[in-house]
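A.B. asks: Quick one: the structure is below, questions incoming.
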Amino acid sequence: MATTELAKLASAIERQTAADGTFGTAVPALRLYRSSAPSDHAAVVYEPSLCIVAQGAKEVLLADEVYHYDPAHSLLVSVDLPVTSRVVEATPDRPCLVVSISLDLAAVGELLADGLTAPPLGSPTRGLAVCPVEPPLLDAVGRLVSLLDSPADIVPLAPLALREITYRVLTGPHGARLRQIAAAGAPAHRIARAIRWLKDHFADPLRIDSLAKHVRMSPSAFHLHFKGGTAMSPLQYQKRLRLQEARRLMLGEGLDAAEAAFRVGYESPSQFSREYRRMFGAPPRQDVAALKVDA
């Protein structure tokens, strides 16, 4: 059954993606991705979402950890995470086809408030994980994507399909991870609040004690749980956000390295250049020039 459902999902994605790229849809929470060839690593910030590969395979790097997922597995991201990702299996005849569904944590909270039985909180876990795709979840995702073929059905039926997908995730292998984020007062929920603050204020000076106090945690507990969820310290997390945004500014808005460095919070252009090279493997100007050639 899973093979049949995957084939249907792949076919539905191909009908909506005539070329390679990432595509928004009439369902705001749903995005589709298609690639006809393997790709280099691309730096991105993943938001809370569920990703399912219908065909092909992808790889995600979180700090030094590697996560591989293919049609047998789903990727769940429960907090905003700066990562790099690449397509590892794709051909023109069998392109890599991916569904990404944004997770509404408020909907998770509503399901829990309605008395849904979910796995216990357990110990702190990464904000990103790969698990086998279960048939009920795959079926629900397939029905959501198929709604794109019937635009008149989207408004009445998409919210129901999204709620079912949230339910399936919450009651499946990813459930404990998602419940930790949604449970008010739990350490993972507090770290998620800190991550949202960092994402919105990454150019500001980072004062760990103040941020820990903001989410009502001791500095030591904050450090422990932050690294447990993100595989990074708060400073490393902020640095990745800054460097990825600087790269976007240089590539997309034409800023030079000094301007981009200042915009994202660096006071020293030389420090920015050193850290940029360490992360992306080349100095800012050389890296951006190579990206423009490849585009």
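The values are calculated or read from the model by the stated rules, or taken from the named source; none is laboratory data. Predicted model only: the values in this text are computed from it and were never measured. Ideal geometry is used to build each Cβ from the backbone, glycine not excepted, and the neighbour counts take in all protein chains shown.
A.B. asks: Being in a helix (DSSP H, G or I) and modelled with pLDDT under 95 narrows it down to one residue among R242, R248; which is it? Lay out the reasoning, then the answer.
C.D. replies: Working: R242 fails: modelled with pLDDT under 95.
Answer to the check: R248.
A.B. asks: Of the residues A192, A203, which is under 28 Å from S268 (Cβ atoms) and of a type outside the set (K, R)?
C.D. replies: Details: A192 fails: under 28 Å from S268 (Cβ atoms).
The match here is A203.
A.B. asks: If we scan the stretch 205-217, do we find a residue that is touching a residue at least 60 places away in the same chain (Cβ under 8 Å) and outside any helix (DSSP H, G or I)?
C.D. replies: yes
A.B. asks: Hey, another quick one. One residue is enough: does the stretch 147-160 have a residue meeting the conditions surrounded by fewer than 17 Cβ atoms within 10 Å (Cβ to Cβ), at pLDDT 95 or above and assigned to a loop (DSSP other than H, G, I, E, B)?
C.D. replies: Yes, the stretch 147-160 has at least one match.
A.B. asks: Continuing with this model, one more query. Could you give every pair whose Cβ atoms fall below 7 Å, whose first residue belongs to the stretch 159-174 and is under 17 Å from A129 (Cβ atoms) and assigned by TED's automatic domain parsing to the domain that holds L147, and whose second residue is among the aliphatic types (A, V, I, L, M) and in a loop (DSSP other than H, G, I, E, B), counting only separations of at least 6 or pairs across chains?
C.D. replies: These pairs meet every condition: T166/L103; L170/L116; L170/A118; T171/A118.
A.B. asks: Are there any pairs, at least 6 apart or on different chains, whose C-beta atoms fall under 8 Å, with the first in the stretch 125-145 and closer than 16 Å to L103 by Cα and the second surrounded by 20 or more Cβ atoms within 10 Å (Cβ to Cβ) and among the polar types (S, T, N, Q), and if so, which?
C.D. replies: Close Cβ pairs (under 8 Å, with a partner that is surrounded by 20 or more Cβ atoms within 10 Å (Cβ to Cβ) and among the polar types (S, T, N, Q)) amount to G127/S78; G127/T230; L128/S78; V130/S74; L137/S74.
A.B. asks: Find the residue count for the stretch 11-21, including only residues that are in contact (Cβ under 8 Å) with a residue 24 or more places away in the chain and within 21 Å of the chain's Cα centre (by Cα).
C.D. replies: Taking the stretch 11-21 first, the residues in contact (Cβ under 8 Å) with a residue 24 or more places away in the chain are 12-17, 20.
From what's left, within 21 Å of the chain's Cα centre (by Cα): 13, 17, 20.
Here the count works out to 3.
A.B. asks: Can I ask one more? Of all residues in the stretch 134-146, how many are assigned to a helix (DSSP H, G or I) and either surrounded by fewer than 20 Cβ atoms within 10 Å (Cβ to Cβ) or outside the structural domain of V53 (by TED's automatic domain parsing) (or both)?
C.D. replies: Applying the first criterion (assigned to a helix (DSSP H, G or I)) to the stretch 134-146 yields 135-146.
With either surrounded by fewer than 20 Cβ atoms within 10 Å (Cβ to Cβ) or outside the structural domain of V53 (by TED's automatic domain parsing) (or both) added as a condition, the list becomes 135-136, 139, 143, 146.
Number satisfying all stated conditions: 5.
A.B. asks: May I pose another question? Report yes if Q286 is within 19 Å of L61 (Cβ to Cβ) and either in a loop (DSSP other than H, G, I, E, B) or not assigned by TED's automatic domain parsing to the domain that holds A129 (or both), otherwise no. Give the derivation first.
C.D. replies: Values: within 19 Å of L61 (Cβ to Cβ): no; either in a loop (DSSP other than H, G, I, E, B) or not assigned by TED's automatic domain parsing to the domain that holds A129 (or both): yes.
Taking the combined requirement at face value, the residue does not satisfy it.
A.B. asks: Let me ask something else about it. Considering only residues that are crowded, with 23+ Cβ neighbours inside 10 Å and not in a helix (DSSP H, G or I), which ones fall in the stretch 163-189?
C.D. replies: H174
A.B. asks: Just the residues that are farther than 19 Å from L61 by Cβ and either surrounded by fewer than 21 Cβ atoms within 10 Å (Cβ to Cβ) or in the same structural domain as T125 (by TED's automatic domain parsing) (or both), please, taken from the stretch 236-256.
C.D. replies: Within the stretch 236-256, L249, L251, G252, E253, G254, L255, D256 qualify.
A.B. asks: Just to confirm my filter: which strands (runs of 3 or more DSSP E) fall fully inside the stretch 1-104 and include at least 2 residues that are more than 22 Å from P173 (Cα to Cα), modelled with pLDDT of 95 or more and among the hydroxyl-bearing types (S, T, Y)?
C.D. replies: Passing ranges, in order: 30-35.
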